[in-house]
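The values are calculated or read from the model by the stated rules, or taken from the named source; none is laboratory data. Remember, it's a predicted structure, so these values are computed and weren't measured experimentally. Please note: Cβ atoms are built from the backbone with ideal geometry, for glycine as well, and neighbour counts cover all protein chains shown.
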């Protein structure tokens, strides 16, 4: 509308030789980008009336040709506006579906389970995607607070199906399996069945790394079973400790190749302690020189930050380190022991 008014003013105020009126078709063309169909048509009609009015003041402007151009551009702009509105509606529906899928696959975690504070971070690498190949879950089980974080081979939407299979298996078995080895065995079986049922198009087979932790109630320690996943980082008494597995455990769906070897590490986890679980999208973020993100050094500078603040700062610093764009899915869980909760009566298996 502003463009139409400006061109009309210039057309009336300038000599005939300048012929600003020939720019009037630009107004409805621009309106199609932001306006619905009817306002776009009305603007075209306004421009047509302006052209007729100008012809009374300046003769020999080629009014029929300009009027025809305004009519043709207005018709095309109205059609373009109609198509744009259809596509916007389709995109809106797709986003609703994506949001629903994300809530099913990566539902919001409780901020606190018993005496354990939990915060999560998730960013998919694929542009416009809400979900990808990284996964996490938490469960308040009879055996303690159990946490899962994992990374399916591949990234973006192509890895969503395998990630969903692993998460659903964890949700079903975390409450029934009495120990972490039995739980990861069920995850192995699920991943193998999924890989056999749905072959990957761009790779030989599906597999995933996973890290499962269990914080028994009123125990003062945490159990960690690491299946080829990046090691968790602990903050204990102000010191940073990276928990490398004592013995490696087999990643999911590689048991047929490497055998089922599982080892559980147990470390202290008392009130005030904090641990960071993450996927390789964090540690494999590179700067312009190709240097990996120095997570342990970064943790030393932010060891006093509470979980939510820690993850928010981590996301900001990863984006800054990578130059504004992450090339891989990123997931992280920040877990802090607030107090040692005693087991409730209903928790007894």
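Remarks
Conditions (1) within 44 Å of the chain's Cα centre (by Cα); (2) assigned by TED's automatic domain parsing to the domain that holds residue 74; (3) surrounded by 17 or more Cβ atoms within 10 Å (Cβ to Cβ), marked per residue:
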| residue | (1), (2), (3) |
| --- | --- |
| 22 | no, yes, yes |
| 31 | yes, yes, yes |
| 39 | yes, yes, no |
| 46 | no, yes, yes |
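- When residues of region 272-295 are limited to those that are under 17 Å from residue 213 (Cα atoms) and outside any strand (DSSP E or B), the one nearest to the chain's Cα centre (by Cα): 279
- When residues of region 313-330 are limited to those that are within 30 Å of residue 271 (Cα to Cα) and touching a residue at least 40 places away in the same chain (Cβ under 8 Å), the one surrounded by the fewest Cβ atoms within 10 Å (Cβ to Cβ): 315
- Test: residue in region 250-260 that is within 30 Å of the chain's Cα centre (by Cα), surrounded by fewer than 17 Cβ atoms within 10 Å (Cβ to Cβ), touching a residue at least 40 places away in the same chain (Cβ under 8 Å) and assigned by TED's automatic domain parsing to the domain that holds residue 225: no
- Restricting attention to region 188-198 and to residues that are under 27 Å from the mean Cα position of the chain (by Cα) and within 10 Å of residue 255 (Cβ to Cβ), the residue that is surrounded by the fewest Cβ atoms within 10 Å (Cβ to Cβ) turns out to be 192.
- Given (1) surrounded by 14 or more Cβ atoms within 10 Å (Cβ to Cβ); (2) over 28 Å from the mean Cα position of the chain (by Cα); (3) assigned to a loop (DSSP other than H, G, I, E, B), number of the condition residue 218 does not satisfy: (1)
- Tabulated pairs, region 99-125, first exposed (fewer than 14 other Cβ atoms within 10 Å of the Cβ), second at pLDDT below 85 and outside any strand (DSSP E or B), C-beta under 7 angstrom, 6+ apart or interchain: 99/130
- Considering the conditions (1) more than 16 Å from the chain's Cα centre (by Cα); (2) part of a loop (DSSP other than H, G, I, E, B); (3) free of Cβ contacts under 8 Å to residues at least 24 places away in the same chain, residue 339 is excluded by exactly one of them, (3).
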